[in-house]
Amino acid sequence: MVKILVDTASDIDLTEAQKTGVELIPMKITIGEEEFLDGINLSHRQFFEKLIESAELPHTSQINPFQYEEEFEKLTADGSEVVAIVLSSRLSGTYAGAVQAAEKFGGKVHVVDSMNASLGERILCQHAVALRDAGKSAKDIAAELDRVKNNINLLAVLDTLVYLKKGGRISAVTAFAGEVLSIKPVVGVIDGEVKLVGKAIGSKKSNNLLNKLAAEKGIDFSMPYGVMYSGLDDSMLKKYVADSGALWQGHTDNIPSYMIGSTIGTHIGPGAIGVAFFSK
């Protein structure tokens, strides 16, 4: 038997994992004095309710080798092999911990560096589930994921620079200027890292830029894809989907929509929207 394990930086929560037969290993998040397990005892909605109320920026902790070792021990106990899909090694030390733990299991555990996060990591996991359900071996699934992962495009428009400022990712001056000018940064995951790929003034122009970048890449509709939003309100995402009709028309009547969770939401705050897909 092959088991798929993924961390909660993918924004997959416990309910969804159980529906798809995926094993979930949670990132830890500390808000004030309280510690939570992302997607387990802290839902995405609960996280944003707490984020909006909190004066402090939450703190996320990477999954350590011991946690992975415990999980691998449990999953391989019945003779199963494991494909572990992990948050980009360029964003966290979690991947190194998973590799260290996997070395103790004699080739039964295959660790895949997703080189992505959030919806990008999620759609790679969805592809893994399809391969598992098609009867592929763990080794073949891991090899296929490594082959296609660099075709994943994750693009997002951020509503605010405040959380990047709080996390020390940008200067207070840059954040202030961005807020005053209503500059909406457009970011993408490139070579496993979050990078600025453009900026626009106002939501309409930023949505147009997002559409332009996605159209240039070309969506492979035979593979998983979707859109995402952060915060308690998905109205901006609905507006984006309406504005991006040309991207989807003639290809799909169903655009899967997902809420961003606490691991990524901590750094981008509410009001972000995005899209992820495999390019042709």
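Key figures for this structure:
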| quantity | calculated |
| --- | --- |
| Cα-based helix-to-principal-axis angle, 203-217 vs the chain, degrees rounded to 10 | 40 |
| Difference of contour (0.36 nm per residue) and Cα-Cα distance, Ile52 to Ala143 | 28.7 nm |
| Burial ordering of Met228, Met259, fewest other beta-carbon atoms within 10 Å first | Met259, Met228 |
| Computed FRET value (nearest 0.05) for Lys104 with Leu37, which takes r as the C-beta separation and R₀ as 30 Å | 0.80 |
| In degrees, nearest ten, helix 172-181 long axis to first principal axis of the chain (Cα) | 60 |
| Least to most buried among Val86, Val2 (fewest other Cβ within 10 Å first) | Val2, Val86 |
| P(r), alpha carbons of the chain - 5 Å bins starting at zero, rounded % | 1, 6, 13, 17, 19, 17, 13, 8, 5, 2, 0, 0 |
| Structure-based [θ]222 nm, the chain - -39500 (n - 2.57) summed over DSSP H runs of at least 4, per residue, nearest 500 | -12000 deg cm²/dmol |
| Label point at Ser89 placed 7 Å out along Cα→Cβ; residues across region 188-215 whose backbone nitrogen lies under 18 Å | 190-194 |
| Cα-Cα separations in region 1-115 greater than 23 Å, expressed as whole percent | 31 |
| Distance violations [Cα-Cα > 18 Å] among Lys149/Lys212; Lys3/Lys136; Lys3/Lys139; Lys212/Lys280; Lys74/Lys104; Lys205/Lys239 | Lys149/Lys212 |
| Under 16 Å from the Cα of Lys28 - lysines, other chains or at least 8 residues apart | Lys50 |
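Just so you know, all these numbers are worked out from the coordinates, no wet-lab data involved. Model, not experiment: these values are computed from the prediction. Note: ideal-geometry Cβ built from the backbone for every residue, glycine included; neighbour counts use all protein chains shown.
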